[in-house]
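All remarks here apply to the structure that follows.
The values are calculated or read from the model by the stated rules, or taken from the named source; none is laboratory data. Computed from a predicted model, the values in this text were never measured in an experiment. Positions of Cβ are backbone-derived with ideal geometry, glycine not excepted, and every protein chain shown enters the neighbour counts. Surface areas here come from the heavy atoms of the whole protein model, side chains and all, with no ligands, DNA or RNA. Shrake-Rupley method; radii C 1.70, N 1.55, O 1.52, S 1.80 Å.
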Amino acid sequence: MEGAYARLVENHSLPRTAAFFDLDKTVIAKSSTLAFSKSFYQGGLINRRAVLRTAYAQFVYLLGGADHDQTERMREYLSALCRGWNVQQVRGIVAETLHDLIDPIIYDEAASLIEEHHLAGHDVVIVSTSGAEVVEPIGHLLGADRVVATRMIVEDGCYTGEVEYYAYGPTKAEAVSELARSEGYDLTRCYAYSDSVTDIPMLEAVGHPHAVNPDRALRREAVSRDWPVLSFDRPVRLTKRVPSMSILPWGSAWSPPSRPALAVAAALGAAAATAGLVWYTGRRRAAYAQL
């Protein structure tokens with residue numbers, strides 16, 4: 001137990017470390033923005049034609065990812081589509097349907113990796129091209145410490161259709177560097193995970209880049225640079241992963257246990273398991289001695 005506590009203190013004396021996760025097809029199995037198209041249709045924000053177009057875009061995205069030109073066309077389309085939408089209505093729709101739409105498509109492997117980083121004392125940062133109104137609630141659901149996402153310009157409570165900040169490509173790497181300066185992260189110790197070749201600048205910015213379910217171009221780069229390639233293929237509800245975990249709506253007062261508490265709990269669990277093994281071994285030896 002003393003060794004576990006000493007390691008915990010040592011970890012907290014080291015430079016701060018973060019794990020930067022792309023969202024779509026890295027942490028969740030679909031495009032986060034397109035996943036809400038049916039809900040936006042039911043809320044009266046888009047028409048049936050737009051639903052069909054976003055469904056097709058989702059299919060293409062899942063089939064082989066999206067290159068730079070396809071991503072740009074989708075950005076322009078979605079920016080024009082959301083012009084005039086009421087921001088609070090969008091937030092309300094996302095909050096009401098978040099668990100039904102997003103919880104079932106979270107990769108079990110990604111959720112486990114996030115937990116491992118937290119237990120190691122690392123911050124977890126979601127860095128996504130999707131809009132903040134979608135990404136922030138998902139980040140809360142995942143227990144992320146910070147979120148970097150695209151922001152739209154808002155006037156009189158409605159989107160203008162113009163982009164204020166676009167979290168894409170080199171911009172993601174710039175955001176990672178800015179967070180490193182403001183939060184004291186040592187980027188040589190940090191981790192990054194993504195499925196897309198467009199995120200190479202973010203992957204290059206850290207000491208431990210990982211390709212997750214990579215598109216063909218990123219896979220080639222990862223192999224040539226000897227980056228680890230991970231395959232996530234088990235979407236699972238968080239409530240099924242941790243039966244005792246109570247997932248509450250975005251904006252609730254719930255907060256996860258502190259990381260030191262989690263680490264100590266893990267150490268206590270390991271100590272208890274070791275004690276149980278020692279007890280069991282002693283009983284077995286005593287039983288054999290009586291034979």
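Worth a mention:
- Here the Karplus relation 6.51 cos²θ - 1.76 cosθ + 1.60, evaluated at θ = phi - 60°, turns the backbone of segment 90-96 into coupling constants of 4, 4, x, 5, 4, 5, 6 Hz, with x for every Gly and Pro.
- Highest mean first, the peptides 83-93, 186-196, 172-182 sorted by other C-beta atoms within 10 Å per residue fall in the order 186-196, 172-182, 83-93.
- For the pair Glu174 and Asn86 in one chain, pulling the backbone fully straight at 0.36 nm per residue adds 28.7 nm over the alpha carbon distance.
- Tensor-based shape of segment 91-135 (alpha-carbon gyration tensor, a/c under 1.5 rounded, otherwise prolate or oblate): prolate
- Near Ala167, the amide H atoms lying under 5 Å from its own belong to Thr150, Arg151; only residues 5 or more places off or on other chains count, and H is placed 1.01 Å from N.
- Across the accessible surface of segment 70-193, with the other protein chains kept in place and a 1.4 Å probe, carbon and sulfur atoms take up 48 percent.
- Shape of segment 183-241 from the C-alpha gyration tensor: oblate (a/c of 1.5 or more and a/b not above b/c, with a ≥ b ≥ c the square roots of its eigenvalues).
- Beta-bridge orientation, segment 114-222: approximately 35 percent antiparallel, per DSSP, counting only bridges with both partners inside.
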